[in-house]
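Reading through the C-alpha cells given below for one structure.
Every number here is computed from the coordinates shown, using simple stated rules; none is lab data. Being a predicted model, the structure only gives us computed values, none of them experimental. In this analysis, Cβ positions are derived from the backbone assuming ideal geometry, glycine residues included, and neighbour counts consider all displayed protein chains.
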Number of protein chains: 2
Amino acid sequence: MTDWQRDRKARDARIAAGRAHAEGKVVPAARAVDLLEAVLRPGDRVCLEGDNQKQADCLARALSACDPARVHDLHMVQSGIVLPEHLDVFEQGIAKRLDYSYSGPQGARIARMLYGGQIQLGAVHTYLELFARYFVDLTPNVALIAGVSADREGNLYTGPNTEDTPTVVEATAFKNGVVIAQVNAIVDRVPRVDIPADRIDFVVEADRPFYVEPLFTRDPAAMTETQILMAMMAIKGIYAEYGIRRLNHGIGFGTAAIELLLPTYGERLGLKKKIATHWALNPHPTLIPAIESGWVEQVHCFGSEVGMDRYIRARPDVFFTGADGSLRSNRAFCQTAGLYACDLFIGSTLQIDLAGHSSTVTTNRVAGFGGAPNMGCDPHGRRHPSDTWMKAGREALVTGDPALMRGRKLVVQLVETFGDKLVPAFVERLDALELAKKIGLELAPVMVYGDDVTHIVTEEGIANLLLCRDADEREQAIRGVAGYTEVGRGRDRAAVEALRARGIVRRPEDLGIEPLDADRSLLAARSIKDLVHWSGGLYEPPARFRNW
Amino acid sequence: MTDWQRDRKARDARIAAGRAHAEGKVVPAARAVDLLEAVLRPGDRVCLEGDNQKQADCLARALSACDPARVHDLHMVQSGIVLPEHLDVFEQGIAKRLDYSYSGPQGARIARMLYGGQIQLGAVHTYLELFARYFVDLTPNVALIAGVSADREGNLYTGPNTEDTPTVVEATAFKNGVVIAQVNAIVDRVPRVDIPADRIDFVVEADRPFYVEPLFTRDPAAMTETQILMAMMAIKGIYAEYGIRRLNHGIGFGTAAIELLLPTYGERLGLKKKIATHWALNPHPTLIPAIESGWVEQVHCFGSEVGMDRYIRARPDVFFTGADGSLRSNRAFCQTAGLYACDLFIGSTLQIDLAGHSSTVTTNRVAGFGGAPNMGCDPHGRRHPSDTWMKAGREALVTGDPALMRGRKLVVQLVETFGDKLVPAFVERLDALELAKKIGLELAPVMVYGDDVTHIVTEEGIANLLLCRDADEREQAIRGVAGYTEVGRGRDRAAVEALRARGIVRRPEDLGIEPLDADRSLLAARSIKDLVHWSGGLYEPPARFRNW
C-alpha cells in the first residue's frame, strides 16, 4: 500500500528534529550547524541562497562546518556560486552534485574542480531556467535563505534585495521542503512581510549582516572615450532608429556609458521620452542622471544595489517599493520582464565568432551566464507587437507570406574589438568549445547564439545582422566591425563596402557621428561623486568607490 | 521642481477616499460600487482578475455597475475575458482599451466589438507575456482580485486557485497601485497566508463565492477510438522514443486520452517511471489513474480544478500544497516551468497550414491562446541539456559546427484531420490571417509558428518536422498525415512514401500499432465515475459531470 504522505511526514520529522535546537522557530547562530545536521539528509537537494548579489553567508559557513559523516552527497541547486564556502562543501564531501547559473569570482575554481571530478555538474542554467526547474525536477528539499529581519513567528523582511527569495521559498515550502532563513535581526514587527511566516520553518539570527556585492556599480571616472563613442553609436544608430522604450542593460562600462549619455547626447538628439523609458534593470547608480533628468518612467529590478537604498526610497514613482518604502526586487519577475516585455537587450561578451555566437567562458573559467541567454534571445512565445519589434521583424523577413510576419527582439552585443590585455574579442572559434570538450560538457557554454544576435557594436561601427541574407554576408558584416583583430583583418574589403552601401555595416561617419566628439565631457557624471550630487546626496556609494 | 512622489501620494489619496466606505479594510458587497467609484480614476489601468478558471465576479459586477460619468476610459489589463461583465464595461464606456490573453466563451463577442470599434485592442498576449508587461509598461493602477478568505488585517487565503493572484498583486501593490480583494468570507485567521496583508488595501465580502470554471475536466465516456489511436501513437512514437519525462499537456480529449492510457498501454510498453514523471499541468482528473498507478512523481499546477481539492490534499507528495493542506497553484511559475523546464508540449489546434503554422482563431472569434504560444515554442534561452532535448536537437541539426549543437523542445500538435462538424483541420491558409486583415491586427493571431512545431500527430500518422530538410519536405510531411482533407488529398504520393522510408512520416503500422487495438477498453477509466473510484472517492466531480 502506497504511503501518499511519506515526503510530507519526512518533512514534519525534519522540522521536529530541528526544533530541538530552536526556541520556537528561532535558532542562535551558534547552533546553526546543529540545526543543519538535524534537518538535512544525505542526497538532499539544497538551495543555498546565493546569487550575484546577496548571500546567505552565515548559513553557507554553517553548512561547510557540518560533519560530512552526517551531511553528505548533497545536490546543490542555486543561482550563484560566489563564496568560497559554496565550493568548499564539494571538497569536504558534503555536496556532490551541482546545478547553478552564475559564478563570477569562482569560475576558475569550478573549472578546476569539474576537471578534477570533485563536482558532478548537472547544468549551467539561466536564472529563470533554474527557477523553472525548481518547480519541476530540481525542487529543493531544504532552502537556506537570507533576509534582513524576521519576527518570532517567522514573517520575513528581505529588505531591498528580495531577489530570488520568494521563488526559492515557494518551490520549497509548498513541496514538503524545509525553509531556513538567516536574518540580521529578530524584531517585534517586520517593516513589511516579504515572505509570510507559514512558509518559514526556522529563523537563524546571523552573527553578522548578510553580504551584498555592489556588482552593478561602475565608476564614471574609469570610462574611456572608446566606450563613449560606442555608446553614441548605440544611441543614435539603434535606440533612436528603432525607438526603443522597453529595455534591459547588461552589466558593464559600455552600457553604463549609454546611461550617462542619455541626458546629454540623447537630449541633444531630442530623444527624451522617446527612448529608454521603461526598464528591467538593477538600480544602476549610473542611471541616476537619466532619472533625475526625467527620462525614466519606471524601473523594475532583479535585485538592489549597495548604496542605492535612500535614493530609491525617495523615488517611489520610478522604482517598485513596498509600503515600508524600500525596494521590492524580484529576480524571477524581472527576468520574465526582460524576456517577454523588453524590446532590446544589450550586453557585452568576451568572445564572438564568425557566426555571431558569443561566450564569456574561456578555456579556464566556467563563469555561468546568469540572465544573459534569457534576456539575449528572441522569444518565440511573444505575441504582442510593438513598433520596435515589428521594424526589426521587417528587416529580418526573408521569405514567406508577409501576413505571417512577426517581430524580432533586438539583441545587441556591445564589444570593443580588443578587450582587457589586448585580447581580441573576435575569434574564429570560441574557447568555450574547447572547454566543453576538455571537461566533457554535453552542451557547449554559448552565452548568446548567433541566430539571436541582431547587432554588434564596436568602436569601428555597427553590424546589423538582421539585414544579412546568408551566412557569408553575416561573416563579412562581423569581420567588417572587428577592427584590427585577425578576424577583422581577414575581411573581404569589397564585400564589406557592399554591405556598407546597404546599411548593414555602418561607420560612425555613416551615422553622422564625429569620433572626436566622443569626449568624457559628454558624460552626465564623470565620477562617483558626480552621481552623489545628481542624487541630491541620497546615493551612498560603498567605501571602495569613494575617494573624496 | 519635480514631485518625485506624486503617484505615491495619489495612491494614498485613493485609499483614503475608499476608506470612507470601509470598516478598516473591510467593505460590504453592497458598497463595492461606492468603493470602486472612490478609488478609480479615468484612464486607470485596471486588472480585473479573471483567467481561464477563477473569477473576481463580485468585483466585475460592481465595476460594470459604476457610473460611467465617474469611471471611464479604463485600460483593462487582465488574463481572461470570460464573464459578460468583462465586455459590458466596454459597451458602457467604463473601459476603452484592452490587453488580454484568453477568452474562451467571449471570443465571438470580442471579435464583433473590435470590428465595431468598441474596444481599442492593445494585444492578445500569452499569460507570461502579459505578466511580464505588468512589471514594465502595463503596470495596473488598481487590481481587483479574488480569494477564499481574508482576516480583518487583509491577509489573504486564495485557496487552491492561487493562479495569477500573487503576480498581479506584486506588480500593483509595489508600484503605487491599489489592491482590492473580494473574498467569500472574513475569518479570524486564514488557513494560510497566500498574500500578506500589507499588499491588500481593501477586502470586499462578496455576496456569493467566486466562480470557478471546471475547464480541465474531460469525461472519459466521450473519448473516441480515433483519439485513443492518436494517443497510442503519441506514447509509442514520441514519448517512448524521446524518453519524455518533463512535460505539459494542453487542454483537450486527445491529451486526456494519453493520460488515461499511461497505466494501461504505457504499462504494457514498460514505460512506467521512464516517461511522464514530472508535470507542469492543471490537476486534470484524467491524470488520477496514472498518479494512483505510481507513474507520476510530481505535478506543479497553473491553477486548480473543481472537485480535485480533497484528492490533492491527500496527495501532498505529488502536488504542491501549503501547510494547510490545500493546493498552491501559481500560473506565472507554472508557465515558466512549461517554457524552460519541460521537454515537451503537446496540444491541439483548429487549423494547421502547409508550413505547420497553427491557430485556434477563426474568422469570427478572437479566442486568445492563453499559455499555448509560450509552452509551444522552442526557448532559445534554454541552456540545460536533457537526453530528450539533445536527441531532438540532433534530428534538427542541418549545418554548422557540431560542437555548437543545441537541443530542441518537442512541440507536438495532436489533431484529428477533421474536427467538429467535419471541418478540416488542415488548410492552405489560416483563417487567422483573414481575421487579422478584417479587424486590422498588426500581428496575425498565430498560436504556434511552424518553425517551433516538431511533430504533428493525426489518426493517419506522425509527421516528424525536425527531420525535414526544406520547405517542400515539410509541406509533404504535413500533407502526408492530413488524411482525406483537401490538403491531404493534394499530396505527392511518391514524395510522401519517400519521407515514410526516411521515418519522417510514420503510419500506425510503422510504429507496430494495430488500429483495431485502439479500443475504449484501453482507457484506465471509461467514465467520470471510474475516475472517482480510482481516487478512492476523493475526487468530487461537479454536478454536470455526474450521471449516477
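Quick rundown of the values:
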quantity	calculated
Inter-copy spacing of A:ALA221 label points, which lie 7 Å from Cα along Cα→Cβ, given in nm from shortest upward	8.0
Intensity falloff of the range A:405-548 expressed as log10 I(q)/I(0), Debye formula with alpha-carbon point scatterers, at q = 0.16, 0.20, 0.21 Å⁻¹	-0.97, -1.18, -1.24
At 7 Å out from Cα toward Cβ: A:LYS273 inter-copy label distances (nm, ascending)	6.6
Footprinting exposure proxy for B:ASP188, A:ASP317, B:ASP431, A:ASP519 (fewest neighbouring C-beta atoms within 10 Å first)	B:ASP188, A:ASP519, B:ASP431, A:ASP317
Charge dipole (debye, nearest 20) of chain A; +1 at Cβ of Lys and Arg, -1 at Cβ of Asp and Glu	480
Number of partner chain Cβ atoms within 10 Å, mean per residue of B:334-347	5
Student exercise, the range A:161-217 dipole from Lys, Arg, Asp, Glu Cβ charges, in Debye to nearest 20	100
For the protein assembly as shown, fraction of C-alpha pairs farther apart than 38 Å, in %	48
Sorted peptide list for A:289-299, A:493-503, criterion being average Cβ within 10 angstrom, highest first	A:289-299, A:493-503
Span from the the range B:488-543 Cα centroid across to the the range A:121-193 one, whole angstrom	42
Rounded FRET efficiency, nearest 0.05, which uses the C-beta distance separating B:ASP510 from A:GLU428 and R0 of 56 Å	0.80
Cα convex hull volume per residue for the range B:2-104 (Å³)	113
Taking only Cα atoms of the range A:295-367, radius of gyration then Dmax in Å	16.6, 51
Whole-Hz ³J(HN,Hα) from phi, Karplus 6.51 cos²θ - 1.76 cosθ + 1.60, for the range B:483-491, glycine and proline x	x, 8, 5, 4, 4, x, 6, x, 5
Residue mean of other protein chain beta carbons inside 10 Å, B:195-201	4
Highest average packing first - B:504-511, A:205-212, B:472-479, B:161-168, Cβ atoms within 10 Å	B:161-168, B:472-479, B:504-511, A:205-212
Rounded if a/c under 1.5, otherwise prolate or oblate - the range B:220-528, Cα gyration tensor axes	rounded
Residue-count net charge about A:GLY252 - beta-carbon cut-off 13 Å; Lys, Arg +1, Asp, Glu -1	-3
Innermost chain B residue relative to the axis carrying B onto A, by Cβ distance in angstrom	B:PRO196, 3
Global size of chain B as Cα Rg and Dmax, reported in angstrom	24.3, 80
Helix-only mean residue ellipticity at 222 nm for chain A, each DSSP H run of n ≥ 4 adding -39500 (n - 2.57), per residue, nearest 500	-7500 deg cm²/dmol
Expected-Rg normalisation [2.2 N^0.38 Å, Cα atoms] applied to the range B:144-260	1.52
Reciprocal of mean inverse Cα separation for the range B:429-492 (Kirkwood radius, Å)	13.1
Exposure proxy ranking, count of Cβ atoms within 10 Å, fewest first, for B:MET230, A:MET375	B:MET230, A:MET375
Options B:TYR484, B:VAL296, B:GLN413, ranked by Cα towards positive dipole end of chain B, top entry (Cβ charges)	B:VAL296
Farthest positive-ward along the protein assembly as shown dipole, Cα basis, beta-carbon charges - from B:PHE333, A:ILE244, A:ALA494	B:PHE333
Other copies of A:ALA30: label-to-label distances in nm, shortest first, labels 7 Å along the beta-carbon direction	6.1
Potential extension, A:ARG189-A:LYS437 segment - 0.36 nm per residue separation minus Cα distance	83.9 nm
Peptide B:367-375, shielding by other chains (average Cβ, 10 Å cutoff)	2
Two-decimal Rg/Rh across the range A:33-205, once Rg and the Kirkwood Rh are taken from alpha-carbon atoms	0.95
A:ARG152 versus A:LYS274: modelled label distance in nm, points set 7 Å from Cα along the beta carbon direction	6.2
Fewest-first sequence of B:PHE135, A:PHE333 by Cβ atoms within 10 Å of each Cβ	B:PHE135, A:PHE333
Simple Cβ-charge dipole of the range A:220-528, Lys/Arg +1 and Asp/Glu -1, about Cα centre, in debye nearest 20	640
Förster-model FRET efficiency, 30 Å R0, B:ASP470 and B:ASP517, C-beta, rounded to 0.05	0.25
Counting DSSP beta bridges with both ends in chain B, the antiparallel % (nearest 5)	30
